[in-house]
Amino acid sequence: MFSGGMIFLAVLHFPNKSIATTDEVRAAFGSGAWLDGCVNRQRGDPQNNGVPDDILVRYCVCTGDNLSKVITVEELKVMAHTPYANFSSELRARIYTAGLSCLEEMRSKCMRDSASHVTCKQ
């Protein structure tokens with residue numbers, strides 16, 4: 001679930017931009033509500049069982065950075081005030097696409113052993 005916090009403040013600070021590409025908005029995706037919500041959703045995904053939190057954080061920061069390059073101010077507003085389950089299919093697709101390269105990066109660095117422990121190269 002994604003809630004207000006820094007993302008909402010970034011929207012208020014940049015109300016006239018159609019694409020939110022400022023460094024301040026990118027920074028909002030690397031911390032606060034976006035990061036907390038993303039990490040919590042990833043922790044709850046059974047596929048991520050055994051994945052250390054630092055790897056989930058790296059994935060979420062990467063996804064947020066990618067998303068910040070293509071997200072619109074309107075979509076930021078939706079993210080700040082709407083539960084993830086109610087996001088439009090278009091917004092969900094943007095989030096999914098933003099995470100694909102990050103997922104590949106994490107997969108290339110991380111290995112799961114026979115006991116389902118995950119280790120990753122820095």
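Bear in mind that the values in this text are calculations on the coordinates, not laboratory data. Everything numeric here is computed off the predicted structure, so don't read it as measured data. Please note: Cβ atoms are built from the backbone with ideal geometry, for glycine as well, and neighbour counts cover all protein chains shown.
Couple of notes before you dig in:
- In this rough spin-label picture, where each label sits 7 Å from Cα along the Cβ direction, the Val39-Glu104 distance is 2.7 nm.
- Panel order for Met106, Met111, Met79, by other beta carbons found within 10 Å of each beta carbon, from fewest to most: Met111, Met106, Met79.
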